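**Q** Structure below; questions to follow.
The values are calculated or read from the model by the stated rules, or taken from the named source; none is laboratory data. Note that the coordinates shown come from a computational prediction; the quantities given were computed from them, not determined experimentally. All Cβ positions, glycine included, derive from the backbone under ideal geometry; neighbour counts span all protein chains shown.
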Amino acid sequence: MSESTDTPQRPLGTEFGHGSTAMDVISGIDLAGKTAIVTGGYSGLGLETVRALASAGAHVTVPARRLDHARAVLAEAGLGDVEVEHLDLADQDSVKDFAARFLAGHPSLDILINNAAIMASPEHRVGPGWEAQFATNHLGHFTLVNALWPALAASGGARVVSLSSTGHKLSPIRFDDVDFASGYDKWRAYGQAKTANSLLAVELDRLGRGSGVRAFAVHPGGIMTELQRHLPKEEMVAAGWMDAEGNLREGFKTPEQGAATSVWAATSPALAGKGGVYCEDCDIAHPTDKDSPLARYQGVDAHAVDKAEAKKLWSLSAELTGVNAFA
């Protein structure tokens, strides 16, 4: 595909914004007959994302490590008709097994939302010694996308949404030491994983657009969910996320608001023919204004949408996992 088909990294100017909810952006959209997968779709943002997609008529599959827990949560939320399947993103064999089962029962996949993540976790290694945040947040989803490629391509107009965050600003990809063998830093490791999530969308969009598959990276906003389970309250107070009484600072979103940009990227007609961009507040984001006092919290840093970095990361990920649908 020619470079002229690339989508500019600049806002479109939409009717939605910071305070919009997933139900706001899905209003009037008909997903009857469409299939969707939402990883981590049984808590926090994922649950609200599933709720919105299902409300528009989509058949949603929620992969989960804890099947009984996921089914109970979804049933309590009134979403008992959602399909739940086992998947552990930190286990490459589990990812491949899930994809094989999905492909056996579903000829196509219209929406894939790579929502599940771990954040700022204690040092932990999985598989052949991979750093767990990179392995779970990125490599697990990389293999999932590639293993599900036949169903995505069969859709004729699939969208893949990769949840990044402003955490990407904490670190580019450390190609010389992606596994932090030289010394672990939980926040730099999280930052690298979130940069990887964004770069996955950039390269997947380039590779997939000829088959009608478009990909987007999304910053959902600051939301208090189970993602913070590894963080002590004292650390969140010190970071300015909340006061000593636990009251969240102004600007944090509810889970319903946090799910809005994912749902918008997955379904909005405004994004038809577009892709490979980083989105926030239900619009394509600005490149980071490094002179702005809000540079840490708004916009996308160049390293997270760099096409050369995205290609390099795809090659590394394919080498590490042994998976590449485009080889």
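**Q** Quick check on segment 158-166. Is at least one of its residues in contact with a His (Cβ under 8 Å, 6 or more places away or on another chain) and of a type in the set (Lys, Arg)?
**A** For segment 158-166, residues in contact with a His (Cβ under 8 Å, 6 or more places away or on another chain) and of a type in the set (Lys, Arg): absent.
**Q** How many residues are touching a strand residue (DSSP E or B) at 6+ places or on another chain (Cβ under 7 Å) and more than 18 Å from Leu89 (Cβ to Cβ) when one looks only at segment 44-63?
**A** Looking only at that region, the number is 4.
**Q** Continuing with the same structure: Inspect all residues belonging to segment 206-214 and state whether any of them is more than 21 Å from the chain's Cα centre (by Cα), modelled with pLDDT of 95 or more and not polar (S, T, N, Q).
**A** Yes, there is a match, as at least one residue in segment 206-214 is more than 21 Å from the chain's Cα centre (by Cα), modelled with pLDDT of 95 or more and not polar (S, T, N, Q).
**Q** Of all residues in segment 12-33, which are closer than 26 Å to Ala153 by Cα and surrounded by fewer than 21 Cβ atoms within 10 Å (Cβ to Cβ)?
**A** Gly28, Ile29, Asp30, Ala32, Gly33
**Q** Oh, and also: For segment 281-327, how many residues are touching a residue at least 12 places away in the same chain (Cβ under 8 Å), farther than 30 Å from Gln92 by Cβ and either basic (Lys, Arg) or touching a helix residue (DSSP H, G or I) at 6+ places or on another chain (Cβ under 6 Å) (or both)?
**A** Of the residues in that region, 3 qualify.
**Q** Now for a separate question. Determine the pairs where a residue that is within 26 Å of Asp306 (Cβ to Cβ), located within segment 8-21, has a partner that is in a loop (DSSP other than H, G, I, E, B) and not aliphatic (A, V, I, L, M) with Cβ atoms under 7 Å apart, the partner being 6 or more residues away or on another chain.
**A** Arg10/His286; Pro11/His286; Thr14/Cys282
**Q** Could you check how many residues of segment 110-122 are in a loop (DSSP other than H, G, I, E, B) and either free of Cβ contacts under 8 Å to residues at least 40 places away in the same chain or not charged (D, E, K, R) (or both)?
**A** Total satisfying the criteria: 8.
**Q** Can you pull out every residue in segment 290-319 that is of a type in the set (Ser, Thr, Tyr) and either surrounded by fewer than 16 Cβ atoms within 10 Å (Cβ to Cβ) or touching a strand residue (DSSP E or B) at 6+ places or on another chain (Cβ under 8 Å) (or both)?
**A** Within segment 290-319, Ser292, Tyr297, Ser315 qualify.
**Q** Return only the number of the condition from (1) within 15 Å of the chain's Cα centre (by Cα); (2) of a type outside the set (S, T, N, Q); (3) closer than 18 Å to Ile113 by Cβ that Leu271 does not satisfy.
**A** The number of the failed condition is (1).
**Q** Collect the residues in segment 174-193 that are crowded, with 23+ Cβ neighbours inside 10 Å, out of contact with any Gly (no Cβ under 7 Å at 6 or more places or on another chain) and of a type outside the set (Gly, Ala, Ser), keeping them in residue-number order.
**A** Residue satisfying the conditions is Gln192 alone.
**Q** Which one of these is in contact with a Phe, Trp or Tyr (Cβ under 8 Å, 6 or more places away or on another chain), more than 25 Å from Lys34 (Cα to Cα) and at pLDDT 95 or above: Ala189, Ala201?
**A** Within the list Ala189, Ala201, the selection yields Ala189.
**Q** Select from segment 68-89 the residues that are closer than 25 Å to Trp149 by Cβ and either of a type in the set (Asp, Glu) or surrounded by fewer than 21 Cβ atoms within 10 Å (Cβ to Cβ) (or both) and list them in ascending order.
**A** Those that are closer than 25 Å to Trp149 by Cβ and either of a type in the set (Asp, Glu) or surrounded by fewer than 21 Cβ atoms within 10 Å (Cβ to Cβ) (or both): Glu83, Glu85, His86, Asp88.
**Q** Provide a single number: the residues in segment 110-126 that are farther than 22 Å from Ser43 by Cβ and crowded, with 16+ Cβ neighbours inside 10 Å.
**A** Summing the residues that are farther than 22 Å from Ser43 by Cβ and crowded, with 16+ Cβ neighbours inside 10 Å in segment 110-126 gives 1.
**Q** Just need a number here: residues in segment 91-109 that are within 19 Å of Gly156 (Cβ to Cβ) and crowded, with 24+ Cβ neighbours inside 10 Å.
**A** Counting residues in segment 91-109 that are within 19 Å of Gly156 (Cβ to Cβ) and crowded, with 24+ Cβ neighbours inside 10 Å gives 1.
**Q** Can you list residue pairs whose Cβ atoms sit under 8 Å apart, with the first residue in segment 27-43 being modelled with pLDDT of 95 or more and charged (D, E, K, R) and the second being crowded, with 21+ Cβ neighbours inside 10 Å and in a strand (DSSP E or B)? Count only pairs 6 or more apart in sequence or on different chains.
**A** Lys34/Ile111
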